[in-house]
Amino acid sequence: MVSSMMRRSKRASSSPYSKRLQGSVLLMENEREGIRIESMQGGTGSAPAARHTRSYGSVGDDGPDEEGPPRKVQEEVKVISATRSYLAVAVLCYINLLNYMDRYTIAGVLLNIQSYFNIKDGDAGLLQTVFICSFMLLAPLFGYLGDRYNRKWLMVLAVFVWTAVTLGSSFVTQSHFWLLVVTRGLVGVGEASYSTIAPTIIGDLFTGALRTWMLSLFYIFIPVGSGLGYIVGSSVADITGDWHWALRVTPILGMVGIVLLIALVPEPPRGAADFQGEALKEKTSYWEDIKYLFANRSFVLSSLGVTAMAFMTGALAFWTPVFLSHAQVLQGTRVQCTQEPCSNTDSLIFGVVTVVTGIVGVGIGAAIARRLKKSMPDGDPLLCAVGMLGSAPCLYLAMVTADKSIATSYVFIALGETLLSLNWAVVADILLYVVIPTRRSTAEALQITVCHLLGDAGSPYLIGTISDSLRSSYPDSYLWKFRSLEYSFLLCPFVGVLGGLFFLLTALYVEKDRTTAREIAAGNSQQPAVVS
C-alpha cells in the first residue's frame, strides 16, 4: 500500500499541474505591462527567456488518464520576446493602414469614376457593395483556417492577392465598368483573411491593459487609413489628371508590407498570453464553434451593435464627399462636374477630418475604457453605447445643415466621427475576452460576416438606390440631386440609435460571459465548451 502511494505521488509530481504549483517553471504575468515573463529555476541558474523553448499542454479530447487530469495535446512553443511582439504590432498596423487606404481610395475619386463611366449613384454604390460582399462571404472560411492553420502565411497570401488585384484594377478601360466591379470583389478576397486573423495574433501576444492599448493602436488605423485613402486618392488624381493612378499607390506599399510580414511577425501559440504561456489547442468541429458563439449573448449582441456602426460608417465614408459637393453646387459656390477631372477638395477635407477624429476618438476611447475597467465590469459596452447614441444626433444635424453652411456640417461630422471612433478598439477587446482563445478567429470571421451582411455591404448601395428612386419622382435639378441624397442619409442616425440599444443589452451579460470564457479555457468551468 505504501509503495502504491509512493508511485501515485511520483506520478502526480510529474504532471503539468503539479509542476506549475511546485515552481519548476516560474511564470509571472506582468499585468501592468501585459507581456508574460518566464524564467527557468534550477541548479544552473536562469535561461534567457528569448532562447528557451518548452512544450506546453492544453486539454484535448483524448480522455482522462487512469489517475489524474485529462491528457493533453502537446505543442512546442517558442517564447516571443517583448521587442519582437512590439515589432509585430507595428507591421500589422502598417498593413491595416494600407488595408483601409485601399478600401476608400475609390470613394476619394468617386466623382471622377462616375464621370468617366457615366454611371448613376446606385451603380457607383455597387463598387463598395461588391467589395464588402466578397469580403463578408469569405471571412468565415478564413476564420476557420485561422483557428486551425498557420495564421502568418495566411496573411502573407492575403496581402499578396489584394495588392496584385488592386494594381490590375487600375488598368480598366472606359467600356469595361463591369471589370472594375469584378476586381473590387476580388480585392475583398484578400482583405477578408487579413482583417479576420490579425487581431487574434495581437490577442495572443499581449494581455491585460497592454492588449487594450495594442488593439487601440491597431484599430486607430481604420479611420487613419480611411482618411488617407481619400487624401492620397484625391491628391494623386489631381496631380496626374487621371484617377487610375490613385489605385497604384497601395500595391507598391503592399509589397513592402509582405516583406515585413514574413521577416518580423511571429506565429504565437493560441491563448499563450491569457494562460501563462500555455498553448491551448482544443479539438472541436467548426459547427461546434458556431453553436458556442451563438450561445454567447455578449458576442451576439455586441456583434449587432458593430453591425449598426458598420452600416453608418460604410454609408458616410462612401457618400459624404459627394453629398457635400452637391450641397455646394446648390449654394452656388461650385459648378457641377460633368466631365473629369472633377474637384476632389471635399474628399481631401473629409479625409483629414477622418484621420484627426479617428486618432482622437480611438485614443479617448482606450483611455476611458482602461479607467472604467477598474470600477465597472460592464464599462466597455456602456462606452460603446454612449458613442453610438451620441453620434446619431450629430450626424443628423450634419445632414440638415449642409445646404446652409458647409463649415457647420463639417463640425457635426467631426463630432459624430469622434464619437463613433470611441468604439473601434473597445468592441475588439470585448470579443477577445468573452470568447475562448481557440475560437477567436472564427468569432472575428462571424462578426465580420454579420456586420458586413447587414451593415456596410448594403448601405452604400442602399443609400444610392434610395437617392435614385427619390430623384426619379421629381424634375432633374441641382436641388433634388442634393435632397434625394440628404433624405436617404437620414436612415443612418436611426440605425445609430438601434446600435446603441444593442450595446446597452450587451452590458447586461458581459461580466458573466467574460468569467465563463476564462473558466472554460482554464478547464475550471462546469459549462461545456461545446454546446449541444
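The values are calculated or read from the model by the stated rules, or taken from the named source; none is laboratory data. Just so you know, these numbers come straight off a predicted model, no measurement behind them. Glycine also receives a Cβ, built like all others from the backbone with ideal geometry; neighbour counts cover every protein chain displayed. For the accessible areas, the whole protein counts, side chains as well, though only heavy atoms, and no ligand, DNA or RNA atoms are used. Shrake-Rupley method; radii C 1.70, N 1.55, O 1.52, S 1.80 Å.
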Pair-distance profile P(r), taking every C-alpha pair of region 124-236, with 10 angstrom steps and integer %: 13, 36, 35, 13, 2, 0
Nearest-10 value in Å² for the accessible area of residue 145, using the 1.4 Å probe: 40 Å²
Förster-model FRET efficiency, 35 Å R0, residue 291 and residue 376, C-beta, rounded to 0.05: 0.70
Accessible surface of residue 270 - all protein chains present, 1.4 Å probe, nearest 10 Å²: 40 Å²
Distance in nm between pseudo-label sites at residue 239 and residue 83 (7 Å out along the Cβ direction from Cα): 3.5 nm
Hypothetical label at residue 515: residues of region 428-470 whose amide nitrogen lies under 15 Å (7 Å Cα-Cβ projection): 434
For region 180-333, fraction of C-alpha pairs farther apart than 28 Å, in %: 41 percent
For region 425-519, average projected area of the Cα convex hull in nm²: 7.4 nm²
By accessible area with a 1.4 Å probe, ligands and nucleic acids excluded, highest first: order of 286, 410, 478: 478, 286, 410
Largest to smallest accessible area among 354, 345 [probe 1.4 Å]: 345, 354
Computed accessible area, residue 512, all protein chains, 1.4 angstrom probe, square angstrom: 120 Å²
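Using the heavy atoms of the protein chains alone and a 1.4 angstrom probe, what is the accessible area of region 133-261 per residue in square angstrom? It would help to have the intermediate numbers written out before the result.
Values: 4310 Å² over 129 residues.
Averaged over the residues of region 133-261, the accessible area is 33 Å².
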Residues of region 284-338: accessible area per residue with a 1.4 Å probe, Å²: 33 Å²
List 498, 180, 97, ordered by accessible area with a 1.4 Å probe, largest first: 498, 97, 180
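Quote to one decimal, in nm, the extra length available between residue 497 and residue 331 on full extension: 0.36 nm per residue of separation minus the C-alpha distance between them.
On the way: separation 166, 0.36 × 166 = 59.76 nm, distance 3.07 nm.
Contour length minus the Cα-Cα distance gives 56.7 nm.
For region 101-200, which whole percent of the accessible surface, found with a 1.4 angstrom probe, sits on carbon and sulfur atoms? Write down the numbers at each step before the final one.
Values: 2290 of 3200 Å².
Taking all protein chains in place, region 101-200 shows 72 percent carbon and sulfur surface.
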Whole-number accessible area per residue in Å² for region 412-463, which is evaluated in the context of all protein chains at 1.4 Å: 20 Å²
